[in-house]
Protein chains: 2
Amino acid sequence: MSKRKIAVVESAPPVERDGRPPVEAIRAAAFQQFAERGYPVVTVRDIMKACGLTQGALYNHFKSKDELLHDIITSTQAELERVTQQAVAGAGSDPRAKLAAFVRAYVVRHCRLRVEALVANREISWLDPDRIGDIRRSRRAIREIVVGLLTEGLEKGVFDPPQVDGKRDLKALAMALLDQWTHVSMWYAPGGRLSEEQMARLYAEMALRAVGAKA
Amino acid sequence: MSKRKIAVVESAPPVERDGRPPVEAIRAAAFQQFAERGYPVVTVRDIMKACGLTQGALYNHFKSKDELLHDIITSTQAELERVTQQAVAGAGSDPRAKLAAFVRAYVVRHCRLRVEALVANREISWLDPDRIGDIRRSRRAIREIVVGLLTEGLEKGVFDPPQVDGKRDLKALAMALLDQWTHVSMWYAPGGRLSEEQMARLYAEMALRAVGAKA
DNA sequence: CCGCAAAGTGAACAGTCGTTCAGGCGGGGT
DNA sequence: ACCCCGCCTGAACGACTGTTCACTTTGCGG
């Protein structure tokens, strides 16, 4: 207790950082770093330095770097699944309205939470295999929503999806559309020519045209 | 020279491996490894072991791991640029035919050369900044082809692209379409329900619908 | 048959990585 | 007043990285 005078706040308060608990600060820093530079090249030291801590402190909150990634991806993915389900559920019974609502929710979210979307979509492969399962399941579930909407619209006669050689492949169609909606997070920049809502409407319009929605 | 008797063909012939020069073998192995596991986690030792050599031998053919990546990406990207330009040039003067030809060439290539496309699209960011320039330029050039086709079709009155709030954003439209066409390489599997040519036609049809091509 | 250049080997180098751990710190309960 | 416990520090560990290098092996032209 000799040199206590120097730098009163030398070491940080244990409960909060930047006004929030350290776990949240770590999560936020990790999101940013992973999105900017990619999981394998971001070191534990980088993440912790970005929130004013040192390497070792990570392991008071997460078992490993791998668990940290899994944690932030699953939470993002789970909420995406929830948001899209909710959008569809609240859009009435017309498949056209339901598809449009889905696209809007999906695209707005991928514009607004670019960082989170980017990490969730790009960094899965670094997780060790047993942890990938539930994320893949959630992705499949979201894709099944789209396939379901296409099927329903086709049966009700309000969609006329493209055919190749007389056959329709709604799964391929859904994959193509989802690729489009997902990767908006790779290049959309707020403050550009289109706002989030305008992007969402553009993509919804493209989707309705692609599936041959009748006026 | 005491134990020469063991393993006559211990070390391989210097000029060829698998019937082709070692540089090509290294390129092929690197493509495969980078596509499967990603540049930063693939070690030089991994690549060389995959073509039956040891670490040090890489540096007889490439200055660094970074140069190897740059080499295989630029060659892929340059040929993609060439192929798409050629497809458009050989499709007459109707913007609809030109767009369809572009999509077919682009999608077929991304189905057939999935490994190459995957590496070229996903691993750029690991290159050091001065090497990224020309690849970005090539991507921009390809995007400009699409924007050019959309503009031409709009002026000639054969396209009716979606509007948001009375404005059209052809660049965003082109980005959205390119995202769709590019990422087919992430999930297409040969032997599935659709062949490469069928995929190409499906995507071309979707694109024509999305841009509002008139019959 | 020799020698030479091209090509491959594998040990070695200097860093860096994720993770562990002994110790320091401060605030809350008794 | 005390001690405890959650949080943090920073040195240390062993494994692994890209790259270098002295040395060997190879096939070919003379």
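Quick check on segment A:68-82: of everything there that is surrounded by 13 or more Cβ atoms within 10 Å (Cβ to Cβ) and charged (D, E, K, R), which residue is farthest from DNA strand D (Cβ to nearest atom)?
Start the filter on segment A:68-82 by keeping residues that are surrounded by 13 or more Cβ atoms within 10 Å (Cβ to Cβ), which leaves A:68-81.
Imposing the further condition that a residue be charged (D, E, K, R) reduces the set to A:71, A:79, A:81.
On the way: A:Asp71: 16, A:Glu79: 25, A:Glu81: 30 Å.
Taking the candidates together, the pick is A:Glu81.
Out of (1) away from DNA strand D (no atom under 11 Å from the Cβ); (2) at pLDDT 95 or above, the odd one out for B:Ile47 is which?
Single failed check for B:Ile47: (1).
Can you tell me which residue is surrounded by the fewest Cβ atoms within 10 Å (Cβ to Cβ) among those in segment B:35-47 that are touching a Phe, Trp or Tyr at 6+ places or on another chain (Cβ under 9 Å) and farther than 15 Å from B:Ser64 by Cα?
Applying the filter and picking the extreme gives B:Val41.
Find the helices (runs of 4 or more DSSP H) located wholly in segment B:128-215 whose residues include 3 or more that are within 12 Å of chain A (Cβ to nearest Cβ) and of a type in the set (Gly, Ala, Ser), and list them.
Values: elements: B:129-156, B:170-182, B:196-210.
Counting at least 3 such residues, we get B:170-182, B:196-210.
From B:Val108, B:Val119, which residue is within 16 Å of DNA strand D (Cβ to nearest atom) and at pLDDT 95 or above? Can you show your working first?
Numbers: B:Val108 fails: within 16 Å of DNA strand D (Cβ to nearest atom).
Exactly one residue qualifies, and that residue is B:Val119.
What are the residues in segment A:101-150 that are within 25 Å of A:Leu202 (Cα to Cα) and basic (Lys, Arg), if any?
We begin by selecting, within segment A:101-150, every residue within 25 Å of A:Leu202 (Cα to Cα); these are A:101-122, A:139-150.
Matches in segment A:101-150: A:Arg104, A:Arg109, A:Arg112, A:Arg114, A:Arg122, A:Arg139, A:Arg140, A:Arg143.
Which residue out of A:Ala100, A:Ala87, A:Ala117 is without any contact (Cβ under 8 Å) to a residue 24 or more places away in the chain, away from DNA strand C (no atom under 14 Å from the Cβ) and buried (at least 18 other Cβ atoms within 10 Å of the Cβ)?
Numbers: A:Ala100 fails: without any contact (Cβ under 8 Å) to a residue 24 or more places away in the chain; A:Ala117 fails: without any contact (Cβ under 8 Å) to a residue 24 or more places away in the chain.
None of the others qualify; the one that does is A:Ala87.
Could you say whether any residue in segment A:3-22 is of a type outside the set (Asp, Glu), surrounded by 11 or more Cβ atoms within 10 Å (Cβ to Cβ), over 23 Å from the mean Cα position of the chain (by Cα) and at pLDDT 95 or above?
No: zero hits.
For residues in segment B:45-79 being near DNA strand C (Cβ under 9 Å from one of its atoms) and of a type in the set (A, V, I, L, M), which is nearest to B:Arg137 (Cα to Cα)?
Result: B:Leu58.
The values are calculated or read from the model by the stated rules, or taken from the named source; none is laboratory data. Only a predicted model underlies this, so the values are computations on that prediction, with no experimental measurement involved. Positions of Cβ are generated from backbone atoms using ideal geometry, with glycine treated the same way; all protein chains shown enter the neighbour counts.
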